[in-house]
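Worksheet: one structure, shown below.
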Amino acid sequence: MRISYIVHELQHRSARTLINILGIAVGIGLFVSINAVSTGYQKAAGQPFANLGADLVVQRAEKNQPLGQGTLSMRGVKLPFSNQIISSEELTALGTLDGVAATAGSLLLWEFFPGGFRTIMGVDLAQPELGPVRLAQWISQGHLPAQPGEAVMEKHFAKFRGVRLGDALEIGGNSFKIVGLLEIREGAQVAAANIYLRLSDAQSLLTDATAPLNVAYLRLRDPAEQRLIQQKILKTFPGLSSSSSDSFLELMGGVSLISGQFALVASGVALLGAILLILKSMTASLVERTTEIGVLKAVGWTKRDIQAQLLGEAMVQCVLGGILGLGLGYMGAFLVGTLSLPMATPWALNPLPASAKIGELANQAIRLPIQFSWGLVLVALDVAVATGGIAALVMGRVAANMRPADILRKI
């Protein structure tokens, strides 16, 4: 293989070289961007659960809920329709399921009063790494409720209500002191509430139940077993349902539909098109060089020499095309990542009453979390190199069957 000859040929046929490089770049760019965007959608759908440190959220919906019931006409502290009581025995039994690493419970309440409503979340401070208590990292002022009668309020809700740090607030007929303000960030719909209390304080607001819970958070030993654990829950605990990141992914629609097996199909089609384009272009380039190959064979070049030369030229073009394709793919994925995407909350996980006006806590616009892994880079470059190898193999076999005498007669 002669490096100087490779450089000369690529420069001499610059138009053909550019076509080959752009062809592989487009294929690699589509492959990279489709996979990066697909992974971004999966991460976005999983973000609400990542904020909780959980893989599954388990709830019990009210049976035979009357259609069109006017929730805003109610008064006082109520259980959400999608969050009825889960007994402590059920929470313990959920933790014994094979594949479940840890469990935690919370109590979500609605309080209706003249002129509006508010959501209240009772958090278990004994589980600092699982459940809504993880949102403590977003406290902008003050601290978590450590003593009975203390509360944390969502920052924007406090501003809207004119409540400040240290103020007293009446909840369910009891007085609470605001000791912290918390700023809900994107992707926290599952645990978003207006007010956060100690679990025991929230439980005291329901006088007709003993130590009630209505949301269970499960962390799995292997997140890949989500569907299997969900099937076990449905079979073992009648009336309980579980939600995972798939619940958000189904509502996101659009490009998220290619996040699974469709992403592989789409990127595979892009790569196949690039390979076919390269093979066609390089084969055409070989036909143009028929006379040159005949002369090289006549002056002593062997089949192996010609095959090595063609392989070198193909590899240079495909590596350059692969690097350019990475840049194009990342640029395309980055542009998609700058867009704000609406993320609707599934009914079961919606902290707001169904008849209430949908607000920030129920639906949020988030930016697609685009991340690039070295694994994707290596796969893309491997594909580019493999394409060059295939093209060189095809070209080499064609060149090996050329006879110098037959070629030179046509000159």
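The values are calculated or read from the model by the stated rules, or taken from the named source; none is laboratory data. For clarity, every value in this text was computed on a predicted model and none was experimentally measured. Positions of Cβ are backbone-derived with ideal geometry, glycine not excepted, and every protein chain shown enters the neighbour counts.
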The residue from Leu91, Leu97 that alone is assigned to a loop (DSSP other than H, G, I, E, B), of a type in the set (A, V, I, L, M) and within 31 Å of the chain's Cα centre (by Cα) is Leu97
If we keep only residues of the range 296-316 that are assigned to a helix (DSSP H, G or I), aliphatic (A, V, I, L, M) and more than 45 Å from the chain's Cα centre (by Cα), then the residue surrounded by the fewest Cβ atoms within 10 Å (Cβ to Cβ) is Ala298
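Listed here are the residues, each with its yes/no results for (1) more than 30 Å from the chain's Cα centre (by Cα); (2) in the same structural domain as Thr103 (by TED's automatic domain parsing); (3) farther than 27 Å from Ser87 by Cβ; (4) not hydrophobic (A, V, I, L, M, F, W, C).
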site: Phe160; (1), (2), (3), (4): yes, yes, yes, no
site: Gly173; (1), (2), (3), (4): yes, yes, no, yes
site: Leu181; (1), (2), (3), (4): no, yes, yes, no
site: Arg185; (1), (2), (3), (4): no, yes, yes, yes
site: Asp201; (1), (2), (3), (4): yes, yes, no, yes
site: Ser204; (1), (2), (3), (4): yes, yes, no, yes
site: Tyr217; (1), (2), (3), (4): no, yes, no, yes
site: Gln226; (1), (2), (3), (4): no, yes, no, yes
site: Ile229; (1), (2), (3), (4): no, yes, no, no
Within the range 162-184, the count of residues that are more than 20 Å from Val123 (Cβ to Cβ), out of contact with any Gly (no Cβ under 9 Å at 6 or more places or on another chain) and not in a strand (DSSP E or B) comes to 3
Scanning the range 133-187 residue by residue, those among the acidic types (Asp, Glu), surrounded by 14 or more Cβ atoms within 10 Å (Cβ to Cβ) and under 30 Å from Gly40 (Cα atoms) turn out to be Glu154, Glu186
